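In what follows, a structure is listed as structure tokens, so that the remarks can point back to it.
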Amino acid sequence: LKKASKRLSCSKRYKIQKKVREHNRKLRKELKKKGVSKRVKKDPGVPSSAPFKEEVLREAEQRRLQIEEEKEKRRQVKKEERAQKRKKEKEGASKETEPKAKKTRQHETGPLSEKQSGPDKNSKQYLCSELNKVIDASDVVIEVLDARDPLGCRCPQLEEAVLQREGNKKLLFVLNKIDLVPKENVDRWIQCLQLECPVVAFKASTHIQDRTVQAKKSRIVASNEVLDKSRGAACFGKSCLTELLTSLAANKQDEASLRVGVVGFPNVGKSSLINSMKEILACNSGVKRGITKSMQEVHITKNVKLIDSPGVVASPSNPPASMALRSLQVEEGVETVLEAVRTLLKQCDKTQIMLQYNVPDFRNSLEFLTMFAKKRGYLQKGGVPNTEQAATAFLGDWTGAKLSYCCKVPEKHSLPAYMSDTVVAEMQSGWDLNLLKSGNEETLKGVKFPNQASSIGFISKGPTAGLLSVSDISEGKPGAAATESEEKQNDENNEPEQTAEEENQTEDLEKPQKEALKKTRSRVQFQSVPIDISLSTADDAYDFNTDFK
């Protein structure tokens, strides 16, 4: 039904207006009788003939400003009072809703001083301590490896610590991000790593949402609801890993649940693996390095509990290429990011990079970043390419689940120093290896792998050294500086030893040369060099007389 119109007939409208006029006239008459005039008398101001007119006007202006200031002060005081009142009301409401247990705990501990603060969660000491807590608390340690560079994601210090701890801890490799590597390469890496510990092929889901988002979506269920079967949403290897862990938990003598620690370098997919297993956003994950700061327990089944851990802190003695991909300090400064991009470009084939990023030929990393920034639209004011943003985006492609690159499997496999045949046999025992083999085969069948030609070839620098305690941090220069010093030492060692007579002879020869240099330093002479600037010899010179005659 339409709403009734508010339009009136003209006669009715005029009648109302007449009544209003009469009413107003009546009110004015009454006010006139009382002697109250509504009109404010206009200020005539200071007449121009009055003496000291300027001074009077100045005083009047000052008085007006003073009155305005006082009004503003009163307004501010009222505003502050209102804010304090609101704050008190909020505190009162929070105290009422606060649970009794929390209140009693606060009374017992007493108010903490402002100076007393918790430990710095970004410090190496805190991260190492949290990692050690996870290793100590877990019965099985899962080392997550990036399938693009599994050897580079291995940490010998971590593996050795797990094997040496009490309680016969099991070590299990999980080869994550298998959808970014060609199938043949994944098969070879599984065969290579299985010679040491059991390996599970895994592909984590990257489209997992929070519980609240899922609850909101579940309220409205469409009749023709389509399941998200995109590449990012799909998860492979979950059933195989859960069956393995539940079978191990069933064989366990204790009634307590199996505690499984998930460890590895930053950005290998530890939190994503736990989220995929739980099918809910239980742990925060992202492309940025070092999002997980402390250990976190997540129940997968009744008997299995996963423990998330912060990334392993890479030792500064590692080669620059390993530090570029796995160090937490790379994203802190601009220079380190640009240096990381430079080292990564050195490890790859230029033509493959050009094809991958659709960029023309470049001479150095800075030229590549300028072209890459223009391609992606990373521009500053005035259309200047933002190389810093381009560098961070490039590193994000390499560390995140986006870029496809692979490393060659070593032809000759040898066990590391901390492992022996008996240790390998212990690691293999207790697992259902047939179930593992069939599960990996099913996973490899389901995953859509990239083509060998589309993935970039990368040169791996071998296992990356990690820090498990702050005392392990070397005082030497990190990365490239350390390698340069080693090269210098090697060159010095290779030089033949000089005798005492030869040294004396060289000193005698050097003395007159130094004296001559001191004398020549005082005067500097410049010699003029004749330069031919005539255009007659040049073949490509333009003759203006041809056009202008």
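The values are calculated or read from the model by the stated rules, or taken from the named source; none is laboratory data. The structure presented is a predicted model; accordingly, all values stated were derived computationally and were not measured. Ideal geometry is used to build each Cβ from the backbone, glycine not excepted, and the neighbour counts take in all protein chains shown. With ligands, DNA and RNA removed, areas are computed over all heavy atoms of the protein, side chains included. Shrake-Rupley method; radii C 1.70, N 1.55, O 1.52, S 1.80 Å.
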What percent of all Cα-Cα pairs in the stretch 422-461 falls in each 5 Å bin, counting up from 0? 5, 16, 12, 13, 15, 16, 14, 7, 0
Between Glu297 and Leu415, the two model label points (7 Å from Cα along the beta-carbon direction) sit apart by a distance in nm of 3.5
Could you order the peptides 400-408, 138-146 from most to least packed, using the average number of other C-beta atoms within 10 Å per residue? 138-146, 400-408
For Val447, tell me the accessible area in Å² from a 1.4 Å probe, rounded to the nearest 10. 10
Report the accessible area of Leu415, computed with a 1.4 Å probe over the heavy atoms of all protein chains in place, in Å² rounded to the nearest 10. 60
Regarding the stretch 257-384, what whole-number volume in Å³ per residue does the convex hull of its Cα atoms give? 153
Could you tell me the accessible area of Glu442 in Å² (1.4 Å probe, neighbours in place), rounded to the nearest ten? 130
Computed P(r) (all Cα pairs; the stretch 1-69; 5 Å bins; percent): 3, 11, 10, 9, 9, 8, 9, 10, 8, 8, 7, 5, 2, 1, 0, 0
Ranked from highest to lowest mean number of other Cβ atoms within 10 Å per residue, what is the order of the peptides 389-399, 295-305? 389-399, 295-305
So, R0 is 35 Å and r is the distance between the beta-carbons of Gln191 and Ala393; what FRET efficiency does that work out to, to 0.05? 0.50
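Output the pairs from Lys305/Lys437; Lys169/Lys305; Lys177/Lys408; Lys170/Lys461 with a Cα-Cα distance over 19 Å in this structure; if there are none, say none.
Beyond 19 Å: Lys305/Lys437; Lys170/Lys461.
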What is the extension gain from Asn251 to His23, computed as 0.36 nm multiplied by their sequence separation minus the C-alpha to C-alpha distance, in nm to one decimal? 72.3 nm
Quick one: which of 74-84, 160-170 comes out on top by average Cβ neighbours within 10 Å, and what's the full order, highest first? 160-170, 74-84
For Tyr14, Tyr126, give me the order by solvent-accessible area with a 1.4 Å probe, most accessible first, ignoring ligands, DNA and RNA. Tyr14, Tyr126
